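The values are calculated or read from the model by the stated rules, or taken from the named source; none is laboratory data. If you're wondering where the values come from, they're calculated on a predicted model, not measured in any experiment. Every residue, glycine among them, receives a Cβ derived from its backbone with ideal geometry; neighbour counts consider all protein chains shown.
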Amino acid sequence: MKIAMIGTGYVGLVSGVCFSDFGHDVVCVDKDPRKIEMLERGEVPIFEPGLDALLEKNVEAGRLSFTGDLAQAIDGAEAVFIAVGTPTRRGDGHADLTYVMAAAEEIARAASQYVVVVTKSTVPVGTNRQVKQVMKKANPALDFDVASNPEFLREGAAIEDFMKPDRVVVGVQTERAADVMAEIYRPLYLREFPILTTDLESAEMIKYAANAFLATKITFINEIAALCERTGADVKQVAQGMGLDGRIGNKFLHAGPGYGGSCFPKDTRALARTGQEHGVPLQITEAVIAVNEDVKRRMIDKLLDMCDGTFNGKTIGILGVTFKPNTDDMREAPALTIVPSLVGSGAKVRVCDPQGRREGEHLLPGVQWHDDAYKCANNADLLVILTEWNEFRALDLKRIARKMATPRLADLRNIYSVKDAKRAGFEAYESIGRSGFIAAAGEDRKTA
Ligand SMILES: NC(=O)c1ccc[n+]([C@@H]2O[C@H](COP(=O)([O-])OP(=O)(O)OC[C@H]3O[C@@H](n4cnc5c(N)ncnc54)[C@H](O)[C@@H]3O)[C@@H](O)[C@H]2O)c1
């Protein structure tokens with residue numbers, strides 16, 4: 001089967017590479033010539049574990065190629081996937097569908113035979129019908145179907161998620177489109193991964209409902225964490241006790257500095273907006289959005305407390321700025337709220353992140369970048385763990401404490417414990433939803 005993939009970002013590139021690995025002939029298109037040049041040289045523009053090797057294998061096998069020319073890519077394609085960005089629209093929080101509609105129009109103008117146009121981008125309910133209208137208007141003679149095929153991959157584990165999905169969701173209007181989609185996902189069907197075929201609207205809604213639910217779960221435990229800090233409970237134990245309940249499950253119950261990333265923030269906003277437009281305000285989702293902002297602000301208060309009430313003149317080391325480990329994606333990372341606030345309040349901020357520098361350098365002006373966590377901590381007044389990269393999970397805490405001007409650790413991912421910090425010689429340690437300590441105060445304390 002010949003497939004064209006429009007957009008070579010995190011989703012388009014991973015999907016294109018994986019489809020080619022299924023045995024399909026895939027041409028990936030991007031309007032960013034820099035990305036296409038890199039891909040043609042065999043370089044991967046994003047950091048995603050395992051993607052470079054899989055890309056090289058399929059290019060060599062002659063099943064995968066890249067172009068900036070959309071018309072050339074879709075020539076003879078039986079399915080064209082739209083995997084372009086759907087960022088938050090300025091002003092009203094809705095998903096910006098400009099890129100999706102532009103791609104749909106371009107496909108319609110270039111296509112000359114039956115084709116299934118599949119939206120892989122996350123789009124609000126009703127968008128696929130709009131795509132159909134736009135295409136009909138652009139090329140009334142074209143024989144085509146639309147399909148919705150939302151993507152659930154996680155950055156950092158994207159290949160595994162694509163190849164071994166919990167489920168594939170396919171929204172269609174015709175049997176003909178359903179057959180094409182079944183053929184594309186045949187390798188997964190044969191391995192008995194669940195393929196759920198629905199109508200267009202349900203497929204679109206499933207994606208938003210799933211993301212909003214996960215964002216709710218994270219935000220719920222973050223709010224419980226705040227209460228744990230006031231009451232002496234330990235959120236790690238609480239989450240464990242909750243997660244062992246099969247009805248709840250232990251995933252997405254890790255308290256932290258608030259969710260970020262390329263999906264949850266924009267998707268919760270877009271879903272809330274859809275609810276408002278239809279006269280069905282989604283009060284839970286709206287509360288989640290507001291509470292998540294509070295969580296990020298609370299992190300700044302926590303750090304301020306650890307800096308004796310002022311950031312001015314303090315040297316602060318930050319370990320990890322990407323929104324989660326194993327990605328270079330900085331979109332809506334908590335670091336983008338926390339770091340500028342420290343810099344703006346007069347702190348000297350150093351940052352160490354295994355992959356975040358390329359993106360982070362222009363997003364975080366005024367910070368000093370380090371490749372090494374120990375150098376980042378050298379003579380610092382406070383060290384903050386913001387992203388739980390593996391590199392930061394087994395630090396020599398004694399060595400770090402010795403090097404710091406005032407050995408204080410803010411562990412916003414709950415990697416270490418009061419015991420670890422005390423043993424290493426830290427004078428203060430705070431985490432999320434657990435009691436911390438300040439040695440100067442002579443005793444453990446509950447954080448506010
Ligand atoms: N990133 C994730 O983890 C993830 C997971 C699931 C779903 N999604 C959804 O998938 C979609 C894409 O997300 P992403 O993170 O891959 O985006 P991205 O911003 O990384 O990539 C989008 C790419 O599309 C290209 N593009 C835009 N218009 C084009 C056009 N007309 N022709 C050719 N190329 C074009 C851009 O140049 C860019 O390279 C979004 O709707 C997102 O919500 C993302």
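In segment 1-13, the residue that is farthest from the ligand (Cβ to nearest atom) out of those that are of a type outside the set (V, I, T) and within 19 Å of the chain's Cα centre (by Cα) is L13.
Of the helices (runs of 4 or more DSSP H) lying entirely inside segment 33-99, those carrying at least 1 residues that are in contact (Cβ under 8 Å) with a residue 12 or more places away in the chain and under 21 Å from the mean Cα position of the chain (by Cα) are 33-40, 51-60. Does segment 162-175 contain at least one residue that is away from the ligand (no atom under 15 Å from the Cβ), exposed (fewer than 13 other Cβ atoms within 10 Å of the Cβ), farther than 27 Å from A290 by Cβ and charged (D, E, K, R)? So far as segment 162-175 goes, yes, one or more of its residues are away from the ligand (no atom under 15 Å from the Cβ), exposed (fewer than 13 other Cβ atoms within 10 Å of the Cβ), farther than 27 Å from A290 by Cβ and charged (D, E, K, R).
Filtered by the rule that a residue be surrounded by 18 or more Cβ atoms within 10 Å (Cβ to Cβ) and more than 27 Å from the chain's Cα centre (by Cα), segment 114-133 gives V115, V116, K132.
Just wondering, is there one or more residues in segment 50-71 that are buried (at least 19 other Cβ atoms within 10 Å of the Cβ), more than 9 Å from the ligand (Cβ to nearest atom) and within 27 Å of A270 (Cα to Cα)? No.
The rows are residues; the columns are (1) closer than 24 Å to M181 by Cα; (2) touching a strand residue (DSSP E or B) at 6+ places or on another chain (Cβ under 9 Å).
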site	(1), (2)
V14	yes, no
H24	yes, yes
D52	no, no
E60	no, no
G76	yes, yes
T98	no, no
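The number of residues in segment 14-32 being within 10 Å of the ligand (Cβ to nearest atom) and either touching a helix residue (DSSP H, G or I) at 6+ places or on another chain (Cβ under 6 Å) or free of Cβ contacts under 8 Å to residues at least 40 places away in the same chain (or both) comes to 6.
Within the set D267, D245, the sole residue that is surrounded by fewer than 18 Cβ atoms within 10 Å (Cβ to Cβ) and of a type in the set (D, E) turns out to be D245. Within the set G258, G249, the sole residue that is in a loop (DSSP other than H, G, I, E, B) and closer than 22 Å to I385 by Cβ turns out to be G258.
Filter segment 33-49 down to the residues that are more than 14 Å from the ligand (Cβ to nearest atom) and touching an Asp or Glu at 6+ places or on another chain (Cβ under 7 Å) and list them by number. Scanning segment 33-49 gives a single hit, G42. When the residues of segment 176-219 are filtered to those that are of a type in the set (F, W, Y) and under 25 Å from L253 (Cα atoms), the one that is surrounded by the fewest Cβ atoms within 10 Å (Cβ to Cβ) is F213. A count restricted to segment 14-32 and to residues that are more than 22 Å from the chain's Cα centre (by Cα) and part of a helix (DSSP H, G or I) stands at 3. Restricting segment 135-154 to residues that are within 23 Å of F323 (Cβ to Cβ) and in contact with a Lys or Arg (Cβ under 7 Å, 6 or more places away or on another chain), the residue that is farthest from the ligand (Cβ to nearest atom) is P150. Is it the case that V17 is under 28 Å from G126 (Cα atoms), modelled with pLDDT of 95 or more and crowded, with 18+ Cβ neighbours inside 10 Å? Against the criterion (under 28 Å from G126 (Cα atoms), modelled with pLDDT of 95 or more and crowded, with 18+ Cβ neighbours inside 10 Å), V17 does not qualify. Scanning segment 72-110 for residues that are among the small types (G, A, S), near the ligand (Cβ under 9 Å from one of its atoms) and surrounded by fewer than 19 Cβ atoms within 10 Å (Cβ to Cβ) yields a total of 1.
When V291, V280 are checked against the criterion of being of a type in the set (V, I, T), more than 12 Å from A212 (Cβ to Cβ), assigned to a helix (DSSP H, G or I) and modelled with pLDDT of 95 or more, V291 stands alone in meeting it. Restricting the search to helices (runs of 4 or more DSSP H) fully inside segment 298-396 and requiring at least 2 residues that are touching a helix residue (DSSP H, G or I) at 6+ places or on another chain (Cβ under 7 Å) and closer than 25 Å to D267 by Cα gives 335-344.
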